[in-house]
Amino acid sequence: MKIAHLSDPHFGTEVPAVVTALQAALSDIRPDMIVVSGDITQRARAAQFAAAAAFIDSLPPVPKLLVPGNHDLPLFNLPLRLLLPDHGYRSAFGTTEQERIAGRVSVIGFDATLRLRHTRGSLRPDHVRLRMAASADPSRWRIAVVHQPLHTLLDEDRDECLIGTAAIADALAACGADVVLSGHVHMPLLADTRAIFAGLPRHFVLSGAGTAVSWRTRPGAPNSFNLLQLDDATRRMTLTLHAFDAATQVFRPDYARAFALQADGWLTEPAAPRPSGLSSGPNTRQRTARHPSAG
Ligand SMILES: [Fe+2]
Ligand SMILES: [Fe+2]
């Protein structure tokens with residue numbers, strides 16, 4: 001089972017050559033499902049939602065799940081933001097919290113946007129428990145999707161995380177979440193929760209995706225998406241970051257992390273020798289400059 005995790009395309013700021021490269025990459029990979037974890041548009045305008053919907057329709061015909069991000073609420077039209085904040089999103093994509101099942105995988109989308117906050121997001125732990133319990137079949141992988149992350153690669157981005165991350169992580173762990181897919185900071189993160197939320201009863205994997213096609217990248221983090229590969233027989237999973245290579249104008253596998261299921265949840269496996277062409281992972285020394293337009 002392969003799931004392509006895209007995030008933060010910010011239609012309205014998309015780069016046409018990157019859009020074309022992403023369409024080609026997904027056509028080659030042929031994922032079983034495609035997830036987009038929010039900030040679908042730059043300013044929640046009708047034309048931006050229309051362009052985003054056309055892009056989604058152009059991708060391989062597999063189940064797709066989207067969630068809204070903070071940029072999918074109107075920012076400057078205050079009456080609309082307060083009264084009908086998700087009008088544009090719903091018109092293009094339907095309800096803001098959906099679930100998709102493909103094979104033995106259940107993907108549950110959460111809407112963490114707040115009409116009174118510009119960038120921060122929140123989820124009530126009891127709401128997380130309720131929705132996760134509705135897909136509690138233990139034979140299925142359970143994947144949660146929420147725009148704002150539970151953790152970030154860079155310390156300077158921690159204020160961009162969900163409000164109350166520890167309680168939300170607890171709820172997700174208690175409900176048997178295997179992976180949580182997020183975006184928002186335009187800086188990828190491929191990790192398990194062991195060093196982040198040490199006390200969880202069951203550890204899960206965090207897939208943070210960069211911006212898929214927007215020019216709003218940050219230093220050291222080109223356009224990218226994550227590919228999840230879930231192996232039912234061995235209960236292992238691999239996350240591979242595919243990054244846009246400006247020189248060749250294509251998305252290429254950049255680095256990968258493998259995880260194995262233990263009695264107390266998911267554990268990152270020691271790095272295996274890298275196939276040629278794959279790097280060892282993020283170079284955080286390059287990633288110290290805060291980009292004012294991320295989020
Ligand atoms: Fe965002
Ligand atoms: Fe964003």
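The values are calculated or read from the model by the stated rules, or taken from the named source; none is laboratory data. For clarity, every value in this text was computed on a predicted model and none was experimentally measured. Neighbour counts are summed over all protein chains in view; Cβ atoms, including those assigned to glycine, are modelled from backbone coordinates with ideal geometry.
When the residues of region 55-78 are filtered to those that are closer than 21 Å to His184 by Cβ and without any contact (Cβ under 8 Å) to a residue 40 or more places away in the chain, which remaining residue is farthest from ligand 2 (Cβ to nearest atom)?
Lys64
Which residue out of Leu172, Leu228 is in contact with a helix residue (DSSP H, G or I) (Cβ under 7 Å, 6 or more places away or on another chain), aliphatic (A, V, I, L, M) and either modelled with pLDDT of 95 or more or part of a loop (DSSP other than H, G, I, E, B) (or both)?
Details: Leu228 fails: in contact with a helix residue (DSSP H, G or I) (Cβ under 7 Å, 6 or more places away or on another chain).
The unique qualifying residue is Leu172.
Of the numbered conditions (1) without any contact (Cβ under 8 Å) to a residue 60 or more places away in the chain; (2) within 15 Å of the chain's Cα centre (by Cα), Arg81 fails exactly one; give the number of that condition.
(2)
Restricting the search to region 164-210, which residues are within 16 Å of ligand 2 (Cβ to nearest atom) and either under 17 Å from Ile143 (Cα atoms) or basic (Lys, Arg) (or both)?
Hits for region 164-210 are Leu181, Ser182, Gly183, Leu189, Ser207, Gly208, Ala209.
Look at region 55-84 and say how many of its residues are at pLDDT 95 or above, within 16 Å of ligand 1 (Cβ to nearest atom) and in a helix (DSSP H, G or I).
Final tally of qualifying residues: 3.
State which residue is surrounded by the fewest Cβ atoms within 10 Å (Cβ to Cβ) when the search covers only region 1-54 and only residues that are assigned to a loop (DSSP other than H, G, I, E, B) and without any contact (Cβ under 8 Å) to a residue 40 or more places away in the chain.
By that ranking, first place goes to Arg30.
Quick check on my filter: what residues within region 106-118 are surrounded by fewer than 16 Cβ atoms within 10 Å (Cβ to Cβ) and either in contact with a Ser or Thr (Cβ under 8 Å, 6 or more places away or on another chain) or not charged (D, E, K, R) (or both)?
Hits for region 106-118 are Leu116, His118.
Identify all residues within region 102-147 that are closer than 11 Å to Cys175 by Cα, in contact (Cβ under 8 Å) with a residue 40 or more places away in the chain and in a loop (DSSP other than H, G, I, E, B); write none if there are none.
Ala136
Within region 197-213, does at least one residue satisfy the condition of being under 18 Å from Pro282 (Cα atoms), over 16 Å from the mean Cα position of the chain (by Cα) and within 16 Å of ligand 1 (Cβ to nearest atom)?
no
Among the residues of region 164-180, which ones are among the charged types (D, E, K, R) and within 18 Å of Gly208 (Cα to Cα)?
Asp178, the sole residue that qualifies.
Determine the pairs where a residue that is over 16 Å from Leu154 (Cα atoms) and among the small types (Gly, Ala, Ser), located within region 170-194, has a partner that is more than 14 Å from ligand 1 (Cβ to nearest atom) and part of a helix (DSSP H, G or I) with Cβ atoms under 6 Å apart, the partner being 6 or more residues away or on another chain.
That search, which allows pairs on different chains as well, returns Ala171/Pro125; Ala171/Val128; Ala171/Arg129.
Identify all residues within region 148-169 that are in a helix (DSSP H, G or I), in contact with a Ser or Thr (Cβ under 8 Å, 6 or more places away or on another chain) and either within 14 Å of ligand 1 (Cβ to nearest atom) or aliphatic (A, V, I, L, M) (or both); write none if there are none.
Within region 148-169, Glu160, Ala169 qualify.
Of (1) within 16 Å of ligand 1 (Cβ to nearest atom); (2) at pLDDT below 95, Gly103 satisfies all except one. Which?
Looking at each condition in turn, Gly103 falls short on (1).
Look at region 211-225 and say how many of its residues are within 13 Å of ligand 2 (Cβ to nearest atom) and assigned to a loop (DSSP other than H, G, I, E, B).
Qualifying residue count for the region: 7.
Working only within region 231-254, note down all residues that are at pLDDT 95 or above and either within 16 Å of ligand 2 (Cβ to nearest atom) or over 19 Å from Pro270 (Cα atoms) (or both).
Passing the criteria: His242, Ala243, Phe244, Asp245, Ala246, Ala247, Thr248, Gln249, Val250, Phe251, Arg252.
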